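Report on the following structure.
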Amino acid sequence: MQKKTDMARILITSAIPYINGIKHLGNLVGSQLPADLYARYNRARGNEVMFLCATDEHGTPAELAAAKAGKPVAEYCAEMHGVQAEIAKGFRLSFDHFGRSSSAANHKLTQHFAGQLAEAGLIREVSEKQVYSHADGRFLPDRYIEGTCPNCGYDKARGDQCENCTKQLDPTDLIEPRSAISGSTDLEVRETKHLYLRQSDMRDKLNDWIDSQNDWPILTTSIAKKWLNDGDGLQDRGITRDLDWGIPVKKGSDDWPGMEGKVFYVWFDAPIEYIACAAEWAEANGKTDADWERWWRTDKGADDVRYVQFMGKDNVPFHTLSFPATIMGSGEDWKLVDYIKSFNYLNYDGGQFSTSQGRGVFMDQALEILPADYWRWWLLSHAPESGDSEFTWENFQQSVNKDLADVLGNFASRVTKFCRSKFGEVVPEGGEYGEQELALIKELQEKLAFYQAHMEAMEVRKSASYLRAIWVAGNEYLQSAAPWSAYKEDPDRAAAIIRLSLNLIRFYAVLSGPFIPDAAAKMLEAMGTDNADWPEDVAEALSLLPAGHEFTVPDVLFAKIQDEEREGWQQKFAGQRT
RNA sequence: GGCGGUGUAGCUCAGUUGGUUAGAGCAGCGGAAUCAUAAUCCGCGUGUCCGGGGUUCAAGUCCCUGCACCGCCA
């Protein structure tokens with residue numbers, strides 16, 4: 001049991017997935033899944049956890065996807081949020097709340113932050129020229145304007161860059177520009193006003209803050225430093241757009257003269273949703289403002305909170321610079337992130353996973369073919385921490401069959417079935433724990449310490465490898481203790497070995513829960529207990545199920561992936577998603 | 001073009017502030033055992049640590065340089 005004084009408070013956020021479509025396994029392993037692992041682990045250790053995620057809903061891509069689906073954008077987003085929430089449940093992502101960046105709470109907070117920043121003199125107005133499309137009835141972002149490249153003559157150059165000659169372009173450079181949405185050439189350059197966040201003014205402050213984070217991974221700090229120091233240093237960024245779908249530009253609750261009809265740019269309101277999500281959580285659960293503010297306001301109880309963010313490496317600049325600039329610039333006591341855990345990319349069979357090209361396995365497809373635990377285990381034990389990593393079907397099949405079916409699943413099976421045939425479905429009585437048991441306990445105590453240390457450091461792969469080693473230790477013990485031999489001469493000795501082994505199943509269930517929650521629950525259920533207390537003392541934990549305690553033999557925990565199945569999936573997922 | 005990353009056994013990867021004969025898992029080979037999802041356990045690894053040069057008593061581990069692949073940015 002946890003002592004009250006050990007209890008920590010951990011705020012965890014996962015990068016919020018964009019609303020447009022279903023994410024692939026590379027997205028999952030880069031943020032939501034490791035965040036869930038960490039959340040589950042901390043809950044299991046008795047810490048108080050607030051784990052938040054949401055959908056990122058604003059911006060042009062959402063509008064276009066909705067138009068393509070023939071639905072109003074709000075309706076489209078609501079629907080897709082439901083789809084993503086359902087899939088998250090399927091993967092057992094244990095969010096305390098899965099919010100929406102389009103929520104009322106986020107509208108209010110985003111407008112509030114903008115007001116605070118304006119008051120602090122950190123916002124400036126900029127008048128700029130943008131392309132307006134009469135046919136589309138909207139301003140076009142640079143990349144949605146196509147035309148002929150003045151440099152190389154390529155006729156599908158985009159307004160921001162020519163893909164053919166890679167030359168950086170301005171939309172006005174294009175010859176015969178047209179809308180990439182409608183193809184219309186009825187375009188007009190209009191003068192429009194936008195708000196910019198003066199990030200450049202905060203460069204030194206941000207730099208000092210980054211410098212003070214000496215325990216952050218190099219991947220994280222090097223990206224941040226690059227943006228801070230590259231060229232002319234950190235640039236101011238536009239925080240508004242001429243769009244319909246988004247959070248209306250306001251200064252707190254007041255109108256913002258000259259900004260009528262404009263919305264905040266998605267990069268500005270998306271991270272604020274981390275905070276708003278907590279407010280949504282409170283509202284959804286009948287809590288008060290104070291209940292969520294104690295996670296986010298250091299002047300309202302959040303000073304002892306440790307805040308950890310999980311994300312893919314492409315998201316690092318926003319989390320190390322832009323969002324902190326918003327927080328710091330507000331002049332209010334909002335919680336800043338304490339640790340950023342970032343991930344590299346997962347590749348698929350020799351190439352990249354790609355949402356736009358439909359390449360790889362997507363979250364919904366994964367759940368259609370195998371239970372969540374299979375994916376969770378493989379993805380986490382191969383998480384791209386030190387560099388990009390590679391998914392192949394052969395590796396997936398081998399790892400899952402060996403680790404889950406042969407090492408863990410079979411252990412539970414051999415122990416429970418042996419017991420049932422010799423002693424019945426009850427923890428057997430007789431004999432005592434001897435030298436072999438003491439040696440095992442000592443070994444487990446050591447491995448447990450390493451497992452915990454790696455989990456706390458968010459070393460995902462290493463945690464997985466220690467967990468696996470803990471499973472293996474059970475098989476080693478059973479093999480050398482050989483209760484099937486002992487039973488013939490000394491049934492009491494066999495009883496003691498099996499009593500310990502049955503306790504090991506419960507022990508494994510508890511330790512494995514963060515990785516494979518469904519199997520862990522099945523193991524506990526089979527052992528006829530709901531005691532999922534984290535083991536502090538291994539010897540104590542392994543005598544928790546006493547002689548006479550009833551259990552049941554569980555069904556096969558992990559069916560093996562057959563060669564024909566693997567080959568079928570390999571083919572099925574070889575092409576593009578249709 | 002600029003910046004960053006990666007390049008270690010057939011495969012996926014570890015290698016902490018440079019220090020004894022470079023490691024793990026899987027695959028492969030041999031053996032033990034037979035309780036179990038033909039699962040488990042034990043034993044077996046000379047691989048130019050991408051190439052070249054340098055610093056050092058000592059480099060996979062630091063510096064320079066070349067090559068390959070990848071990413072980000074412009």
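Can you list the residues, at least 5 places off or on another chain, whose amide H is less than 5 Å from the amide H of A:D388, using H built in the peptide plane?
It is A:Y345, by chain and number.
I'd like to compare A:361-373, A:255-267: which one has the highest average count of other Cβ atoms within 10 Å, and what's the full order after that?
Descending mean neighbour count gives A:361-373, A:255-267.
Could you list which residues have their amide H under 5 Å from that of A:Y348, counting only those 5 or more apart in sequence or on another chain, with H placed in the peptide plane?
It is A:F353, A:F391, by chain and number.
Using the Karplus curve 6.51 cos²θ - 1.76 cosθ + 1.60 with θ = phi - 60°, work out ³J(HN,Hα) for each residue of the stretch A:384-389 in order, rounded to whole Hz, and write x for Gly and Pro.
x, 8, 8, x, 5, 10
State to the nearest 20 debye the size of the charge dipole of chain A about its Cα centre, where the only charges are +1 on K and R beta carbons and -1 on D and E beta carbons.
In debye, rounded to 20, chain A gives about 380.
Please figure out what share of the DSSP beta bridges in chain A is antiparallel and state it in percent, rounded to the nearest 5.
Given both bridge residues lie in chain A, the antiparallel proportion sits at roughly 55 percent.
If you average the sequence gap of Cα pairs under 8 Å that are 6 or more apart and divide by the length of the stretch A:46-164, what percent do you get for the contact order?
Reported as a whole number, the value is 19 percent.
Using θ = phi - 60° and the Karplus relation 6.51 cos²θ - 1.76 cosθ + 1.60, list the HN-Hα couplings for the stretch A:179-184 in order, rounded to whole Hz, with x at every Gly or Pro.
Coupling constants for the stretch A:179-184: 6, 6, 7, 10, x, 5 Hz.
Once amide H atoms are placed 1.01 Å from N in the peptide plane, what residues at a sequence separation of 5 or more from A:K251, or on another chain, have their amide H within under 5 Å of its amide H?
Placed amide hydrogens put A:W256 under 5 Å from A:K251.
Just to confirm the filter: which GluC sites (Glu not before Pro) across the stretch A:68-173 are DSSP coil and have at most 12 other Cβ within 10 angstrom of their Cβ?
Sites meeting the loop and neighbour criteria: A:E163.
What number, in percent, do you get for the relative contact order of chain A if the mean sequence gap of Cα pairs under 8 Å and at least 6 apart is divided by its residue count?
16 percent
Go through A:516-529, A:327-340 and give me the packing order, highest mean Cβ count within 10 Å leading.
A:516-529, A:327-340
Could you grab the relative contact order for the stretch A:221-358? Cα pairs under 8 Å, six or more apart, rounded to a whole percent.
19 percent
May I ask which of A:K251/A:K300; A:K313/A:K341; A:K71/A:K572; A:K300/A:K335; A:K262/A:K313; A:K402/A:K560 have a Cα-Cα span longer than 19 Å here?
The answer is A:K251/A:K300; A:K71/A:K572; A:K262/A:K313.
Can you give the net charge of the other residues whose Cβ lies under 11 Å from the Cβ of A:V49, counting K and R as +1 and D and E as -1?
Within the 11 Å Cβ shell, the charges total +2.
Tabulate in residue order the Karplus-calculated ³J(HN,Hα) for the stretch A:540-546, using 6.51 cos²θ - 1.76 cosθ + 1.60 with θ = phi - 60°, rounded to whole Hz; enter x for Gly and Pro.
With the stated coefficients, the stretch A:540-546 comes to 5, 5, 8, 10, 5, 8, x Hz.
Could you pull out every one of the lysines with an alpha carbon less than 22 Å from that of A:K89, ignoring same-chain neighbours closer than 8 positions?
Reachable lysines: A:K23, A:K522.
Read-outs throughout are calculated quantities, based only on the coordinates presented, and are distinct from any laboratory measurement. Keep in mind that this is a model prediction, so the values were computed, not measured. Neighbour counts run over all protein chains shown; Cβ positions are idealised from the backbone, glycine included.
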